[in-house]
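Below is one structure, written out as structure tokens; comments come after it.
Read-outs throughout are calculated quantities, based only on the coordinates presented, and are distinct from any laboratory measurement. Worth saying up front: this structure is predicted, and the values here are computed from it rather than measured. Because the Cβ atoms are built from the backbone with ideal geometry, glycine has one as well, and the counts that use them run over all protein chains shown.
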Amino acid sequence: MAVDRPTLQDADLLLKLFQEFEGDAMYASRQWLLHEMKATTIEEFRELYPENSAENRHFFRVYRFFEMTGTLYKNGLVHPDLLFDIWYVNQFYHACYPIIMSIRSHGDKHVAENFEFLAMAELDWIAKAKGPDIVPDLPYRRK
């Protein structure tokens, strides 16, 4: 991970991610995920939100965005000071967490590994940048 000051290249990448994050489709998906999703297992999810439904697309749009961002972050291509200072990734990971854990319980242990990596890195960043007392108490938080 980058530990130096962010560069203009870092800012340019973040602005590209931000444009995607703030797009109309992503906005609708974020709102749905945070305020309307009711499933807590993959079975419920598939029953309530079948493949090709708008709700299914909402979930996977947010999931894929943060999985992609996590991949970029894990490979040192997104500066943590920019990324974690603008978004609260764990808000979205926490919303997706029950479905992710349900999928993992059925054998796909690698699902969302980059999203999870990003969420855990953010918690570490919060502890270092803002103090350990600011880190939220979440069910998956490593202590």
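At-a-glance table
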| quantity | calculated |
| --- | --- |
| Residue list for region 92-123, filter: farther than 19 Å from T71 by Cβ and either buried (at least 16 other Cβ atoms within 10 Å of the Cβ) or small (G, A, S) (or both) | H94, A95, P98, I99, M101, S102, S105, G107 |
| Q31, sole failed condition from (1) part of a loop (DSSP other than H, G, I, E, B); (2) surrounded by fewer than 13 Cβ atoms within 10 Å (Cβ to Cβ) | (1) |
| Of all residues making up region 71-89, the number that are in a helix (DSSP H, G or I), under 12 Å from W125 (Cβ atoms) and of a type outside the set (A, V, I, L, M) | 5 |
| Given (1) under 16 Å from the mean Cα position of the chain (by Cα); (2) within 29 Å of Q9 (Cβ to Cβ), index of the condition K128 fails | (1) |
| Test: residue in region 1-20 that is under 21 Å from E116 (Cα atoms), without any contact (Cβ under 8 Å) to a residue 12 or more places away in the chain, under 18 Å from the mean Cα position of the chain (by Cα) and part of a helix (DSSP H, G or I) | no |
| Single condition F45 does not satisfy, out of (1) of a type outside the set (G, A, S); (2) under 30 Å from H79 (Cβ atoms); (3) surrounded by 14 or more Cβ atoms within 10 Å (Cβ to Cβ) | (2) |
| Residues within region 102-123 that are part of a helix (DSSP H, G or I) and either without any contact (Cβ under 8 Å) to a residue 60 or more places away in the chain or not aliphatic (A, V, I, L, M) (or both), tallied | 13 |
| Hits in region 57-72 - residues which are of a type in the set (S, T, N, Q) and buried (at least 21 other Cβ atoms within 10 Å of the Cβ) | T69 |
